[in-house]
Amino acid sequence: MIRYVLAVVLTAALVGIGWAGLDHAAAVRSEQQVENQVAAIDAAAVSLLANDDPPATGQDGARRVLELDFPHGGLTSDAVETLHIRPTAGNVSVAEYTFDGRATHTVVIGAPIRDGNTNTTATVDLSGETGTTTVVLTLEAEDGAEYVELRVPRGD
């Protein structure tokens, strides 16, 4: 009888240790996946600014279309809770993201990026995105200053 109790206790301890390791691995995997998607946005935005001319008045600017792959959430990954990209005064942008109450991670993007879905804020909000998400980056100019507009097409 003592053997059975000991086997159950030992199994429970091993499952608990394994679960903690699995949770940590899921968090690390998800953070890396989001950083890779932010790096793809950074590369496309910097490419637009470096290689394309600003649009003439009334014309569409150069564009890049990206397929981003955000973590779904589940046993092996965590879904991103918040992801905001906002331009700063230094002609760069800052991406900030969090996962389920954890510390906020910050990544600098080498181009000013503004939201193209709303006219109320310059901050792009990709919070809660999971799976494959298409984003369109467009080179724009306003008052002689170039910036990149990020838009998530939603059924258009």
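The values are calculated or read from the model by the stated rules, or taken from the named source; none is laboratory data. Just so it is clear, the model here is predicted, and its values are computed rather than measured. Here the Cβ positions follow ideal geometry from the backbone for every residue, glycine too, while neighbour counts run over all protein chains shown.
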ask   = Would you pick out the residues in the range 56-71 that are exposed (fewer than 13 other Cβ atoms within 10 Å of the Cβ) and in a loop (DSSP other than H, G, I, E, B)?
value = Ala56, Thr57, Gly58, Gln59, Asp60
ask   = Filter the range 127-155 for residues that are more than 14 Å from the chain's Cα centre (by Cα) and assigned to a loop (DSSP other than H, G, I, E, B); which is nearest to Glu67 (Cα to Cα)?
value = Pro153
ask   = Pick from the range 114-151 the residues that are among the β-branched types (Val, Ile, Thr) and touching a Phe, Trp or Tyr at 6+ places or on another chain (Cβ under 7 Å): which of them is modelled with the highest pLDDT?
value = Thr133
request  = Check the range 16-26 and report whether any residue there is surrounded by 13 or more Cβ atoms within 10 Å (Cβ to Cβ) and touching a helix residue (DSSP H, G or I) at 6+ places or on another chain (Cβ under 7 Å).
outcome  = no
ask   = Of the residues Ala111, Ala95, which is touching a residue at least 40 places away in the same chain (Cβ under 8 Å), crowded, with 19+ Cβ neighbours inside 10 Å, touching a Ser or Thr at 6+ places or on another chain (Cβ under 8 Å) and assigned to a loop (DSSP other than H, G, I, E, B)?
value = Ala111
message = So, in the range 81-92, how many residues would count as being of a type in the set (A, V, I, L, M, F, W, C), surrounded by 14 or more Cβ atoms within 10 Å (Cβ to Cβ) and either within 16 Å of Gln37 (Cβ to Cβ) or without any contact (Cβ under 8 Å) to a residue 12 or more places away in the chain (or both)?
response = 2
